[in-house]
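Undergrad: What follows is a structure written as structure tokens; I'll ask about it next.
The values are calculated or read from the model by the stated rules, or taken from the named source; none is laboratory data. Owing to the predicted nature of the structure, the values given are computational and were not obtained by experimental measurement. Because the Cβ atoms are built from the backbone with ideal geometry, glycine has one as well, and the counts that use them run over all protein chains shown.
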Amino acid sequence: MASTPNFAHPFTKPSADVIIRSCDDVDFRVPRTILAEASPVFEGMFSLPQAAELGLHAEDLPVVDMSESAKVLNALLQLCYPMTALARDEFDHFVAVLEAALKYDMQGASGRLRPDLAKRWAVRYPLEAFEVVCKLHLRQEAKELAELSLQEDIFGENGKVSSYISPENLYRLLAYQSQCVKTALSFILYQEVVMLQPGSPDPKHWYMNWLLAGYECECCVYAPISLRQDEFCKALLLELTKRPCGYTVKNLQARVRILDDVICAECRESAPHKLDDSILPRLASALDHHLNLYQSHYMT
């Protein structure tokens, strides 16, 4: 005997014409039209002749037995209604609901859930979220989570690896990160040699050497200012071995120490703003563009 659902609204309405029964024997009364619109799987099921021969509830309604728990079905079915979905505060619960949405081809429900992987869960559980997207063959999300992993220390302070992620997908992520480190370092080293002028329309180009290529201070007898590119690049290369992406460039912690070489007081004041407002963002954008050339082949 199935139990009365603890999740009442909107699953107790007399207008329902089918009962969805969870694996732990909780019934959800729903209209077939809702399920058929939300899922081609249910639409096909209800169109079959044998659909009329489904088991009957005490109220003489067809019963569809499901392999999902009541907790998962409650969240999944609510996503099919034009209402605010229940809060999904547990990662495992979120994954179970997403799996069910994909299993029954509920594109509307899965479309509402998938953005949370990168925006919410990858921040708290980066390795676990990456394992999920690989397991569920979500290629776009796998690419997004791999890119996000370049910005943070995914192993945390203790350096431990979650048992949730498989060895295969851990290797996959580490190999990707390793390739991004090589790509970022080679790009920066190449730019040390190829100096380009500011304002170049080509997004692959950057202009770090502004202090060594024509900038002159009206108040300063030193031209160019002694902000050495080699010191900047060494600091940047070191940071990129940890987080190989444009985010690292824009947040370079070594820039204040490097600017200690500036003698002129006016230049000392203006140089940080030029770095923050122009040089570092341009270099970060150029690096990300270069990395995207390699990332476009990821997950293929």
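Undergrad: Would you check which residues across the stretch 14-36 are of a type in the set (Gly, Ala, Ser) and either in contact with a His (Cβ under 7 Å, 6 or more places away or on another chain) or closer than 10 Å to Asp65 by Cβ (or both) and list them?
TA: Ser22, the sole residue that qualifies.
Undergrad: Taking only the stretch 111-134 into account, find how many residues are more than 11 Å from the chain's Cα centre (by Cα) and under 18 Å from Leu76 (Cα atoms).
TA: Number of matching residues: 4.
Undergrad: Return only the number of the condition from (1) free of Cβ contacts under 8 Å to residues at least 24 places away in the same chain; (2) at negative phi; (3) over 11 Å from the mean Cα position of the chain (by Cα) that His137 does not satisfy.
TA: Unmet for His137, out of (1) free of Cβ contacts under 8 Å to residues at least 24 places away in the same chain; (2) at negative phi; (3) over 11 Å from the mean Cα position of the chain (by Cα): (2).
Undergrad: OK, next. Considering only residues that are at pLDDT below 75 and of a type outside the set (A, V, I, L, M, F, W, C), look in the stretch 66-88 and name the one that is surrounded by the most Cβ atoms within 10 Å (Cβ to Cβ).
TA: It comes out as Arg88.
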